[in-house]
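*Asks:* The structure under discussion is supplied below as structure tokens; questions concerning it will follow.
Derivation of every value follows stated rules applied to the coordinates shown; laboratory data play no part. This one's a predicted model, so the numbers in the text were calculated from it and none came from an experiment. With ideal geometry, Cβ positions are generated from the backbone for all residues, glycine too; neighbour counts draw on all protein chains shown.
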Amino acid sequence: MTVNIANLVTLIRLLLAPVVIWLLLDGQHGLAFALFVFAGVTDAIDGMIAKRFNQVTELGAYLDPIADKALLVSIFVTLGIMQELPVWLVLLAVSRDALIVGGVLLSYTLGTPLIMNPLRISKLNTVVQIALVAAVLAHISFPAYQPELAGVALGYMVWFTAATTLASGGAYILTWFRTMNAPSAIKDI
């Protein structure tokens with residue numbers, strides 16, 4: 001197995017997760033914001049490189065969502081600990097991801113491996129979560145440059161993130177149940 005440029009870019013995003021967390025916890029919010037934005041850009045770049053230069057690989061198909069979730073989940077948890085995001089939203093986002101991973105693992109255990117393709121609502125949810133994290137990081141990084149409406153906008157973003165997280169989790173649950181209950185999924189155990 002060879003590692004290509006697209007996968008290396010994805011690996012960089014994965015390795016940035018603990019660095020961004022450390023910077024946040026160390027109070028270096030501006031640098032954490034900049035690296036998070038850079039990590040977000042690498043998400044677009046790795047996909048573009050993979051498609052444009054025919055570097056789509058099975059490794060990349062697994063590595064990309066792992067890098068996304070490692071970055072988002074760890075930052076959500078950290079911002080929750082810092083009381084910059086509501087704990088209930090952090091629990092909702094983390095629970096959704098745990099539910100998806102648990103469903104995939106259970107399907108493998110039952111002998112019906114799933115190929116989970118990202119749903120449109122989940123792609124929207126990822127974009128909304130990234131936007132919320134970027135907005136929160138900008139808010140804590142540059143407090144002097146925030147209009148009074150920033151807090152109101154963040155409040156709406158929190159609720160929109162919660163709505164897309166619930167919709168995405170529900171869509172995955174329905175997809176999982178349909179797949180697992182399909183006649184072809186029933187196997188002798």
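*Asks:* Give a quick list of chymotrypsin sites (Phe, Trp or Tyr not before Pro) in segment 2-92 that DSSP marks as loop, anything other than H, G, I, E or B, with at most 15 other Cβ atoms within 10 Å.
*Replies:* Working: sites: TRP22, PHE33, PHE36, PHE38, PHE53, TYR62, PHE76, TRP88; in loops: PHE53.
Within segment 2-92, the qualifying chymotrypsin sites (Phe, Trp or Tyr not before Pro) (loop, at most 15 other Cβ atoms within 10 Å) are PHE53.
*Asks:* Which order do MET48, MET180 fall in if you start with the one that has the fewest other Cβ atoms within 10 Å?
*Replies:* Values: MET48 12, MET180 15.
Listed from fewest to most nearby Cβ atoms, that is MET48, MET180.
*Asks:* Roughly how far apart, in whole Å, are the Cα centres of segment 114-164 and segment 20-69?
*Replies:* So the two Cα centres are separated by 17 Å.
*Asks:* Step through the residues of segment 72-79 one at a time and calculate ³J(HN,Hα) from phi using the Karplus curve (6.51 cos²θ - 1.76 cosθ + 1.60, θ = phi - 60°), rounding each to whole Hz and writing x for Gly and Pro.
*Replies:* Taking θ as phi minus 60°, the curve returns 5, 5, 5, 6, 4, 4, 5, 5 Hz for segment 72-79.
*Asks:* What list of ³J(HN,Hα) values in whole Hz, one per residue of segment 99-111 in order, does the Karplus curve 6.51 cos²θ - 1.76 cosθ + 1.60 (θ = phi - 60°) give from phi, with Gly and Pro shown as x?
*Replies:* Taking θ as phi minus 60°, the curve returns 5, 5, 4, x, x, 5, 5, 5, 5, 5, 4, 7, x Hz for segment 99-111.
*Asks:* Just from its helices, what would the mean residue ellipticity at 222 nm be for the chain, if runs of 4 or more DSSP H residues each count -39500 (n - 2.57) and the sum is divided by every residue, rounded to the nearest 500 deg cm²/dmol?
*Replies:* -27500 deg cm²/dmol
*Asks:* Using the alpha-carbon atoms, what tilt in degrees (0 to 90, nearest 10) does helix 29-52 show relative to the longest principal axis of the chain?
*Replies:* 40 degrees
*Asks:* Would you compute the Debye intensity of the chain from its alpha-carbon atoms alone, equal scatterers and no solvent, and pass along log10 I(q)/I(0) at q = 0.09 Å⁻¹ to two decimals?
*Replies:* Evaluating at q = 0.09 Å⁻¹ gives log10 I(q)/I(0) of -0.37.
*Asks:* Give me a comma-separated list of calculated 3J(HN,Hα) values for segment 152-168, in order, Karplus coefficients 6.51, -1.76, 1.60 applied at θ = phi - 60°, integers in Hz, x for any Gly or Pro.
*Replies:* Those phi angles translate into 5, 4, 4, x, 5, 5, 4, 5, 5, 4, 4, 5, 6, 5, 5, 5, 5 Hz.
*Asks:* Of all alpha-carbon pairs in segment 1-61, indicate the percentage at a distance above 14 angstrom.
*Replies:* Values: 1030 of 1830 pairs.
Summing the P(r) tail past 14 Å for segment 1-61 gives 56 percent.
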